[in-house]
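The block underneath contains the structure these notes are about, expressed in structure tokens.
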Amino acid sequence: MPQQLTRVLIVFVVLVSALVVARHFLIPKTFGEKGHYRTAGLEAVVKQPIHYAGREACTPCHPEIVETHRKARHQTVACEVCHGPAAAHTEAPTENRLPAPRERGYCPLCHGYDLSRPTGFPQIDPVAHNPLKACISCHNPHQPEPPHVPEECRACHGQIARTKAVSPHVLLPCTRCHNTPVQHKITPRTVLPDKPRTREFCGSCHAEGAPSPKEIRRVDLQTHGGRYLCWQCHYPHSPELD
Amino acid sequence: MNEKRLQPEAPVEEEISEERRAFLRACALGAPFLLGAFRGEAAEAPYNPHEHLYAMGVDVERCIGCGRCVEACKRENDVPREPYYFRTWVERYVVMTQGETAVDSPNGGIAGFPAVGGERGLLRTFFVPKLCNHCANPPCVQVCPVGATFSTEDGVVLVDKDYCIGCRYCIQACPYGARYFDPRSRTADKCTFCYHRVVRGLLPACVEVCPTGARVFGDLRQRSSPLGRFTRLTKIQVLKPHLNTEPKVFYANLDGEVR
């Protein structure tokens, strides 16, 4: 073998072993086992302690409350929403007791009136709704039925009632347009009130020859709005005038 | 001889089988409880990440902006309480008739939202929960100079906090603003889809506490799951699709104003 080749080989071997040694010390253990990351980093995330025990964890010790709650309107609200993380409580129930929010400020986090909330979500005005009274003195949070059958529509449909209150339709009672069976107040989702279906219904006040007060706006039902029904352009609870 | 030997044994064998039957019956009755008790440990060993591909669905129409998800996330994951650090947060969009859109998220929505000032000129308003989108094509992973942030085999983007050098490239790179700089460890941090819970068969904390079911979590490899139903039966969108990040947080009923 020529001398120069031996030298090149020695240099090559030294460089390769330097690379191997450098890799050994620079690349952390478990790096690249599963991908371009440390498996130990993944394991560290998996080892993170659990604080929220999950909704099944409550059943073995609190079967009655869970059973009541499972059938009530709050069935989608997990126990830990109000009572907080329960993993420590499931391990040592007496040492780590869970809080129950009783103050008036808590329920409006969900049920306070807010324009941005989806229509139909039950909301109250925290200032006007039975001031200073704790929510739980009338409503059982595990089974939050209204304490008595509501007398007015606005008890549940506050968002619509507030909108209507500042609209030109303020004087119309809800029942002028919606036939509401009594049963709707007791089982609101199974028995629904009806809605007007025809242009002629609105026309009974707003058509040109309608027997209604003169100051009410009139339209020609034959030409106005083309093929659309009235409420496809005008929101009946707050009719747009322009 | 044989018969003599067998005869006394036969009733003994019967007794044993009787005992065994009782034991098996007890096992069958106790199995669900045992499985329940050991679920934590048992799920860890045979957990195969290749069988899963996690994703989340968010129905914007159902979000009431109560901020319980933000609270649960902070408590579950020990996120600093200061109002700059969020793994998930809720934004309120207020679209005016004049066309301008205001977005606010006071303290991430953890204590609710102040009332919208004045209803005049208001076109529409709604809440949008946000979190890490766990992109299939994550820009944050691409920019990490040391390989401290990575996609797992089940599709979750995680941070290796012991290996992160705190250079903040990933925070800059995330187009969704989903990352924050943890002031205690001086490393980047973000939503993990509650990976530590998910591998044990629990739901992420935010999904667990969402009172209206606005958040749906599940496995894209499983059709019969709440997420499977969500992706089949609702019209879904992702945030910033033009960036080609392929997010795995799907939004239903999303408004075009949401960025």
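The table for this structure:
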read-out	value
Label-point gap, in nm, between A:LYS34 and A:SER204 - each point 7 angstrom along Cα→Cβ	6.7 nm
Listed residues A:HIS69, A:HIS178, A:HIS111, most fluctuating in chain A (Gaussian network, C-alpha, under 10 Å)	A:HIS178
Förster-model FRET efficiency, 45 Å R0, A:CYS138 and B:CYS167, C-beta, rounded to 0.05	0.20
D_trans [Stokes-Einstein, Kirkwood Rh over alpha-carbon pairs] for region A:1-92, 25 °C, 0.890 mPa s, µm² s⁻¹	130 µm²/s
Charge dipole of region B:51-252 about the Cα centre (unit charges at C-beta), most positive-ward option of B:CYS194, B:ASN137, B:THR101	B:THR101
Residue order, fewest to most surrounding Cβ atoms within 10 angstrom, among A:LYS195, B:LYS190	A:LYS195, B:LYS190
Cα Rg, Dmax, region B:42-92, angstrom units	15.1, 42
Quarter of Cα convex hull surface for region B:118-167, i.e. mean projection, nm²	6.3 nm²
Given charges at beta-carbon only (K, R positive; D, E negative), |dipole| of region B:134-205 in Debye	240 debye
Spherically averaged projected area in nm², based on the convex hull that wraps the Cα atoms of region B:73-163	8.3 nm²
Potential lengthening between A:PHE25 and A:PHE121 on full extension [0.36 nm per residue; Cα-Cα distance subtracted]	28.6 nm
Cα-centred dipole magnitude for region A:173-242, charges only on beta-carbon of K, R (+1) and D, E (-1), debye, nearest 20	300 debye
All-pairs Cα distance distribution in region B:51-252, expressed in whole percent, bin size 10 Å	9, 34, 38, 17, 3, 0
Square roots of 5 times each gyration tensor eigenvalue, C-alpha, region B:139-182, largest first, Å	15, 13, 9
Residue among A:PRO49, A:GLY35, A:VAL20 farthest towards the positive dipole end of chain A, charges placed on Cβ	A:VAL20
Principal axis box of region A:118-242, alpha-carbon based, largest edge first, Å	55, 30, 26
Dipole magnitude of the protein assembly as shown about its Cα centre (Cβ charges: Lys, Arg +1; Asp, Glu -1), debye to nearest 20	1020 debye
Among A:HIS89, A:HIS184, A:HIS157, residue whose mean-square fluctuation peaks in a GNM of chain A (springs only between Cα atoms under 10 Å)	A:HIS184
Calculated Rg and Dmax of region A:173-242 using C-alpha coordinates, Å	14.3, 42
Relative pair counts by distance (%), Cα atoms of the protein assembly as shown, 20 Å bins	17, 42, 25, 11, 4, 1
Reduced Cα scattering model of region A:60-148, Debye log10 I(q)/I(0), q = 0.20, 0.21, 0.24, 0.25 Å⁻¹	-1.09, -1.17, -1.37, -1.42
3J(HN,Hα) from dihedral phi, region A:159-171, Karplus parametrisation 6.51/-1.76/1.60, rounded to Hz, x for glycine, proline	5, 5, 4, 5, 5, 5, 4, 10, 10, x, 8, 4, 7
For chain A, radius of gyration divided by Kirkwood radius, i.e. Rg to Rh on alpha-carbons	1.34
Binned Cα-Cα distance frequencies in region B:166-259 - 5 Å width, integer %	2, 11, 16, 20, 21, 16, 9, 3, 1
Over chain A, relative contact order from alpha-carbon pairs under 8 Å, at least 6 apart, %	11 percent
Derived scalar couplings ³J(HN,Hα) [region B:63-80; Karplus, 6.51 cos²θ - 1.76 cosθ + 1.60; whole Hz; x for Gly, Pro]	6, 9, x, 7, x, 5, 5, 5, 4, 5, 5, 5, 6, 5, 9, 6, 7, x
Alpha-carbon centroids, region B:212-259 and region B:133-201: separation in whole Å	20 Å
Sequence of A:HIS169, A:HIS148 once ranked by neighbouring C-beta atoms within 10 Å, starting from the fewest	A:HIS148, A:HIS169
Relative contact order, percent, region B:51-252 [alpha-carbon distance under 8 Å, six or more residues apart]	30 percent
Added length on full extension, which subtracts the Cα-Cα distance from 0.36 nm per residue, A:ARG97 to A:GLN3	25.6 nm
GNM result for chain A, Cα springs below 10 Å: residue of A:ALA22, A:ALA134, A:ALA78 fluctuating most strongly	A:ALA22
Length-normalised contact order for region A:65-148 - Cα pairs under 8 Å, 6+ apart - percent	35 percent
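FYI, it's all coordinate maths here, none of it is from the lab. In this text the structure is predicted, and so the values were computed from the model without any measurement. Neighbour counts run over all protein chains shown; Cβ positions are idealised from the backbone, glycine included.
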